[in-house]
Structure formats: C-alpha cells, structure tokens
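Notes follow once the structure below has been shown.
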C-alpha cells in the first residue's frame, strides 16, 4: 500500500511521538509497521502495546503480527513460544506484549520495556500513566501515543502540546481522503459526507477532523439554545403543515407531564406552536386529555415515552380509534406490535428509538436552523439538561 506523506514522516521519526488522528486516517496501519520494523531491527527488546480495553489493544497487536509475518515470518518463534493473543516472541530475542490497562494500570505493573505503543491513548485514564511511565525509566525507551481526541484534557492532550518531548502529528481524515487516489478518494469522501450529516458539529470535529473540542461534555450550548428558542409563546401561530405531538408521561401526583406540539413545514422545517403542562392527574385523565387535544389539532403522529407508567397511557391511546394509528412509543427497549395480515398470519413489527439517538437528531436540526422552539424558561432548561 502506498503511504501518505504523514505516514512516511512517522516512519522517519525517532523518539517519542504523539499522533492525533481522525478515525480511519491510517494511524494503526503506520504504527503497526513502525512497531514491526523496530522489533525486527532490534535485538533483545521488550515492546508493549496497550489500550484501555483488550479488544482495542488486540486490534493493533494483530496488525503488528500480520506485518511481521509478511516482512519476515521466519523470525517468529513457533512451538512452545508460538504467538498468543498477548505475546509475540521473535528469534532475535525481542518480545512484544499486548495488554489492556483497565482503569488503574495495576495489571501491567512490573514490566521493564524499551518501547511503548498506546492505542486510543486519549481514552486511557490518567491514573494508568502513573503505572505505565516508570516501566521506561531504566531503558530510556520511547513512548508512541496514537488516538482520536477525547476532549481538551488528560495525558494525551498534554503530550500532544509538549513539543519539547514529543514529535506530534495531526491527521485530519478529510484531508487524508482528498489526497487518496480514485476510487478510494470518492468512497472516503462520500462516507465522510454521510457521517457529517449524521453527527453533530462537535462530534464530527473530534472524530474525523481530530480536533480537541472543549465543551463537548455539554451537549447543547447556550448559544445554540439562543439561536433556536426565538418564538414568543404569546404570539398566535396557525400550523400550515403536518402536526406532531411529543409527550413525557409523569406519575400521578409527581413530575410535570409536558405535551408539545410542532408544525412540520414542507418536511424541511419544524416550528413549535403549543406547550401544555397539565396539573398532576391520573393516567386515565392524561389519556383522555391527549385524545381530546388530538381531536382539536389532528396530529399526524403522537410520540410518547412508553416505558414505566407511560405504558398504561400508551395502551389506552393504542386502543382508542382516534389515536390508534398515530401513537408511537419511544423507549430504550424494543416494542413488538402484532399485526394480523392475509390468511390469518401474524406479522411482528419491532420499533426501537434510543434516547441518545433522539438527542443527536434534535441537535442536528438545531445546528442546521431547521427547528424553532418557544423562548420559554421551561424549554430552555430542558435543553440545557439534554445528554
């Protein structure tokens, strides 16, 4: 495979390296070659590959094994010292270890190593490095860190900005795709376009542009809330498109039960036009209120949380002729609905929509300016608490 220029630069670099790369940018490929070459060219060395979880460490370890097998398989010991999923012994005396760090690094204490490779280093807890770095003290060995970013803090973030002790590489997957030859270039760019559409801006910046995104922990920013909460509740608005309702069922005498109605205009824009939060009441009264409201507004679909006590209201709406074909349950668990079809056969329909998916979809609409909500303290607080 022809290497990208940054990959060639990595192979020519000696000493500590920190590679901040977008996903599918080629970091694992070049590091497997770097580790393989180091193992083949240096006698009696101990190399360690780590990641926070075993699966991630094994992915890189397997690529190193495949590279060595391709370059010089005769160097790989066989018999009792044949490769295992945690250890690769070469005939020149060099050994490659592969271990997960866990949350503390306790399981990898006690090794003395000459070279360390840490995959997805940004996701390795800071406590682990207290156990890891002393393994290099007596050998003066090198540290090679590779990862997508994970916020603007932590050991990986600090090392990337430590120009004195690390040679750093920033790899933008979009730029990598632009530099590839056809047909791979078109395939990668098409894939990235789909990912950009699916993700929020911050997610895309972190995962593919390899940017250290501060504030990603706060899912919806105040600036974004200000941008879309522009409708004055007292302003009269007559819906012109399909009307949809969202409901969060509360328990009797407990939390509020917000009922929100929106207008979907030309399938491209959503505008909130009603918010009703009734006083705590029985579930049967809540169901009657929803049915009554639907007779007035004629929603196309009614979405509601059908988990917990919400299932009681859902069942009542599902049995009522007014709302039977409109109500859709939103819950982290799949809901199976039986439908009788021709010749008495029954078809099982399953519908799942996760809360995190709904939050991401909402944020994408907000960032695109395709949704307008009420400028209401209750709406704003709900958005601030979104995860």
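The values are calculated or read from the model by the stated rules, or taken from the named source; none is laboratory data. Values in this document were obtained by computation on a predicted structure and should not be read as measured data. Note that each Cβ is placed from the backbone with ideal geometry, even for glycine, and that neighbours are counted across all protein chains shown.
Return yes or no: is residue 195 touching a helix residue (DSSP H, G or I) at 6+ places or on another chain (Cβ under 9 Å), within 29 Å of residue 2 (Cα to Cα), surrounded by fewer than 19 Cβ atoms within 10 Å (Cβ to Cβ) and without any contact (Cβ under 8 Å) to a residue 40 or more places away in the chain?
yes
So which of 216, 220, 240, 249 ends up being at pLDDT 90 or above and assigned to a loop (DSSP other than H, G, I, E, B)?
Going through 216, 220, 240, 249 in turn, the sole match is 240.
Report whether or not residue 113 is buried (at least 19 other Cβ atoms within 10 Å of the Cβ) and part of a strand (DSSP E or B).
It is false that residue 113 is buried (at least 19 other Cβ atoms within 10 Å of the Cβ) and part of a strand (DSSP E or B).
Within the stretch 37-53, is there a residue that is modelled with pLDDT under 95 and in a helix (DSSP H, G or I)?
No, the stretch 37-53 contains no residue that is modelled with pLDDT under 95 and in a helix (DSSP H, G or I).
Which residue is surrounded by the most Cβ atoms within 10 Å (Cβ to Cβ), if the candidates are limited to the stretch 150-168 and must be outside any loop (DSSP other than H, G, I, E, B) and over 23 Å from the mean Cα position of the chain (by Cα)?
My answer is 159.
Among (1) crowded, with 19+ Cβ neighbours inside 10 Å; (2) at pLDDT 95 or above, there is one condition residue 75 misses while meeting the rest; what is its number?
(1)
Among the numbered conditions (1) over 23 Å from residue 21 (Cβ atoms); (2) touching a residue at least 40 places away in the same chain (Cβ under 8 Å); (3) within 27 Å of the chain's Cα centre (by Cα), tell me where residue 111 comes up short.
In the conditions (1) over 23 Å from residue 21 (Cβ atoms); (2) touching a residue at least 40 places away in the same chain (Cβ under 8 Å); (3) within 27 Å of the chain's Cα centre (by Cα), residue 111 misses (3) alone.
Take the residues in the stretch 80-102 that are touching a residue at least 40 places away in the same chain (Cβ under 8 Å) and not in a strand (DSSP E or B); name whichever of them is surrounded by the most Cβ atoms within 10 Å (Cβ to Cβ).
By that ranking, first place goes to 101.
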